[in-house]
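First comes the structure, then the notes that go with it.
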Amino acid sequence: MAEGCVAGEAMSLSAAGLAFIAAHEGFRATVYRDQAGYATIGYGHRLANGESYPNGVTEKDACRLLALDAAHAEAAVHEQVSLAPTQAQFDALVSFAFNVGAGAFAGSTLLKKLNAGDVAGAADEFLRWNKITVDGVLVADPGLSRRRADERALFIGLA
């Protein structure tokens, strides 16, 4: 479960938060298409234009990519959240931003409620982000539903 992934000293995301993301992403050594159809590898690293891994990645390389990607999500949380979250809340928010993207996070009702001081309302918003598009229709995805429930539990201090 990604025990080898450790957050760097300069990161605010905890080691447990990084492991949380890794566990929910799962490790794949070779390129695959994620649910949105993007070329992805390791622990949910979306390949940029021109980036390729014809021989796959080791778990160590995947952890390095995850830490870099998580740093982008962490920056989005720092930029958008106006309240001082607890470490668990921060880790949950970074996991969420990592998964949905910085733009979706910035426009989310979750963020609006959190910044308005409605922490309980923000926590409940995690559960609304459990859908994927299948044949043009939004449907609840069991994997995303589990992840959002886990992020909510972490956010409210139950994990």
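Each value in this text was obtained by applying a stated rule to the coordinates, not by laboratory testing. Being a predicted model, the structure only gives us computed values, none of them experimental. Backbone-built Cβ (ideal geometry, glycine too); neighbour counts: all protein chains shown.
Here is how the numbers come out for the structure above:
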quantity	calculated
Those residues of the range 68-87 which are more than 8 Å from the chain's Cα centre (by Cα) and assigned to a helix (DSSP H, G or I), in sequence order	68, 69, 71, 72, 74, 75, 76, 77, 78, 79, 80, 87
Residues of the range 51-67 classified as exposed (fewer than 13 other Cβ atoms within 10 Å of the Cβ) and part of a helix (DSSP H, G or I), total	1
Cβ pairs under 9 Å, 6+ apart, first in the range 62-89 and more than 15 Å from residue 151 (Cβ to Cβ), second in a helix (DSSP H, G or I) and acidic (Asp, Glu)	66/25
Top-ranked residue of the range 88-118 - restricted to ones that are surrounded by fewer than 16 Cβ atoms within 10 Å (Cβ to Cβ) and more than 22 Å from residue 46 (Cα to Cα), ranked as nearest to the chain's Cα centre (by Cα)	109
Residue satisfying all of: in the range 122-149; under 26 Å from residue 85 (Cα atoms), in contact with a Leu (Cβ under 9 Å, 6 or more places away or on another chain) and aliphatic (A, V, I, L, M); surrounded by the fewest Cβ atoms within 10 Å (Cβ to Cβ) among these	149
Set 90, 98, 105: member being in a helix (DSSP H, G or I), over 21 Å from residue 35 (Cβ atoms) and aromatic (Phe, Trp, Tyr)	90
